[in-house]
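A short worksheet on the structure shown next.
The values are calculated or read from the model by the stated rules, or taken from the named source; none is laboratory data. Quick caveat: nothing in here was measured; it's all calculated off a predicted structure. Here the Cβ is made from the backbone with ideal geometry for all residues, glycine too, and neighbour counts use every protein chain on show.
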Amino acid sequence: MHTRRLSAELSQLQERTGEAGYRLDELLNAFGDRGFGVFLTILAVPSALPVPAPGYSTPFGILLALLGVQMVFQRPRPWLPRRARSFRISAATGRRMAASLTRIFAKLETLIKPRCLWMESKLCSSAIGALVVLMGLLMCFPIPLTNTAPALIILLTGIGLIEKDGLITSGALVLGLLLALFYAASMVAVFYFGLQGMEEVKEIIKGRLH
C-alpha cells in the first residue's frame with residue numbers, strides 16, 4: 001500500500017519529465033499499486049482540465065471505456081493493448097498535466113482520506129466500472145460539453161480510487177448518473193424536436209441554475 005501523498009509524487013514527476021515525455025506504461029509503473037485510479041486520472045486530465053491537448057478525447061475515451069469494462073469484470077490490474085501502452089504523452093503536455101494535478105491534490109488532500117470502504121465491494125466496483133464505460137464513450141461523441149463533463153466525473157472517480165475515498169467515488173457515481181440522464185433527455189429532445197429542442201433543454205437548465 002502506498003504511503004506518500006500523490007501530490008508529492010506528481011511534483012517529482014513534473015521535475016523529472018524528460019524531453020521525450022512519457023509512455024502510458026511508464027506512468028503506470030511510476031505510481032505502483034494505484035492501478036486503475038492512476039490510469040483513470042491521467043487519461044481524464046487532458047479533457048477535464050484546461051490543459052491544451054487537442055485530439056486526446058476520443059482515443060483516451062476509448063481507452064477509459066476499455067478500463068471500465070475491466071473494472072466491471074473485476075480484473076485486478078489494468079490492461080491495455082501494446083500499442084496503447086506505448087502511446088506517448090509529449091513533455092509539454094505531461095508537465096502541464098502534472099502541474100494541474102499537483103495543484104488539485106495539494107488542495108484536496110486535506111479533505112481526502114480513506115472512508116466509506118464499502119465502495120470497494122465487488123458490486124460497487126462493477127457499478128463504478130460501468131460508469132467509467134459510459135463516461136468514456138460519451139467523451140467520444142461530438143456533443144457540447146461531452147469532453148469536459150464526463151472527463152471530470154472520471155477524474156473524480158480516479159481520485160477516489162487512488163486515495164480509497166469512497167465518499168468521493170460515490171459522489172462521482174451520482175453525478176455520472178445525473179449526467180447520463182441529461183444526455184438522454186437531450187437526445188430525446190433532438191429526436192423529437194430537432195436541434196431547437198436541444199437549445200430549449202439548455203435554456204431550461206440555465207434557468208434552473210440561476
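Residues to consider are I159, I104, I62, I112; find the one that is assigned to a helix (DSSP H, G or I) and more than 14 Å from T41 (Cα to Cα).
I62
Applying the selection to the stretch 143-184, what residues are polar (S, T, N, Q) and either surrounded by fewer than 24 Cβ atoms within 10 Å (Cβ to Cβ) or at pLDDT below 90 (or both)? Walk me through it before giving the result.
We begin by selecting, within the stretch 143-184, every residue polar (S, T, N, Q); these are 146-148, 157, 169-170.
If the condition is that a residue be polar (S, T, N, Q) and either surrounded by fewer than 24 Cβ atoms within 10 Å (Cβ to Cβ) or at pLDDT below 90 (or both), then T146, N147, T148, S170 are the ones that fit.
Based on this model, can you work out whether V72 counts as of a type outside the set (S, T, N, Q), in contact with a helix residue (DSSP H, G or I) (Cβ under 6 Å, 6 or more places away or on another chain), surrounded by 20 or more Cβ atoms within 10 Å (Cβ to Cβ) and modelled with pLDDT of 80 or more?
Against the criterion (of a type outside the set (S, T, N, Q), in contact with a helix residue (DSSP H, G or I) (Cβ under 6 Å, 6 or more places away or on another chain), surrounded by 20 or more Cβ atoms within 10 Å (Cβ to Cβ) and modelled with pLDDT of 80 or more), V72 does not qualify.
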